[in-house]
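The values are calculated or read from the model by the stated rules, or taken from the named source; none is laboratory data. It should be emphasised that the depicted structure is a prediction, and the values quoted were computed from it without experimental measurement. Backbone-built Cβ (ideal geometry, glycine too); neighbour counts: all protein chains shown. Side chains are part of the model used for accessible areas, which takes the heavy atoms of the whole protein and leaves out ligands, DNA and RNA. Shrake-Rupley method; radii C 1.70, N 1.55, O 1.52, S 1.80 Å.
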Amino acid sequence: MSSPIWSGRIILSQYSTRDHVRVHVLMLKWGLREREPREVAGQLLRIIGAATKTAIGWIPTGNTGGANVSPIKPMPLPDDLAAIIARHSR
């Protein structure tokens, strides 16, 4: 489930524990609604990771957050999102 809508939301949320967990919960709800067991299991794992790791800065930068990718794999940031992150991290 790495649609551009979810990908962008998860990447931008990685810098706030609350937002990061919130987006993974929304992705979990999507997985439940669509009856996607792999996505549900993946999001449960990612919710725990986001809740416990984001606050200490252990995030896989650029990771799109879907169950179709490793939860610890950093990925290239799209240029538009990199610009937003750079503007807000000053």
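Positive contributions from Lys and Arg (+1) and negative ones from Asp and Glu (-1), summed over other residues with Cβ under 12 Å from the Cβ of residue 23, come out at +4. The convex hull defined by the C-alpha atoms of the stretch 17-65 has an orientation-averaged projected area of 3.0 nm². Computed with every protein chain present, the accessible area of residue 89 is close to 90 Å² [probe 1.4 Å]. Helix content alone sets the calculated 222 nm mean residue ellipticity of the chain: runs of n ≥ 4 DSSP H residues at -39500 (n - 2.57) each, divided across all residues, give -19000 deg cm²/dmol.
Across the stretch 36-44, coupling constants 3J(HN,Hα) worked out from phi with the 6.51/-1.76/1.60 Karplus curve, θ = phi - 60°, read 10, x, 5, 5, 4, 4, x, 6, 4 Hz, and Gly and Pro carry x.
Each residue of the stretch 29-35 was assigned a 3J(HN,Hα) from its phi angle through the Karplus expression (A = 6.51, B = -1.76, C = 1.60, θ = phi - 60°), giving 4, 4, x, 5, 4, 8, 6 Hz with x at Gly and Pro. Surface composition of the chain: carbon plus sulfur atoms hold 61% of the accessible area, using a 1.4 angstrom probe and ignoring ligands, DNA and RNA. If you model the chain as an ellipsoid using its alpha carbon gyration tensor, with each semi-axis the square root of five times an eigenvalue, the axes come out at 21, 14, 11 Å, biggest first.
Heavy atoms of the protein chains alone define the surface here; on that basis the chain has 62 Å² accessible area per residue at 1.4 Å probe size. Phi-derived couplings, Karplus 6.51 cos²θ - 1.76 cosθ + 1.60 at θ = phi - 60°, listed residue by residue for the stretch 68-78: 7, 10, 4, x, 10, 7, x, 9, x, 7, x Hz, with x used for Gly and Pro.
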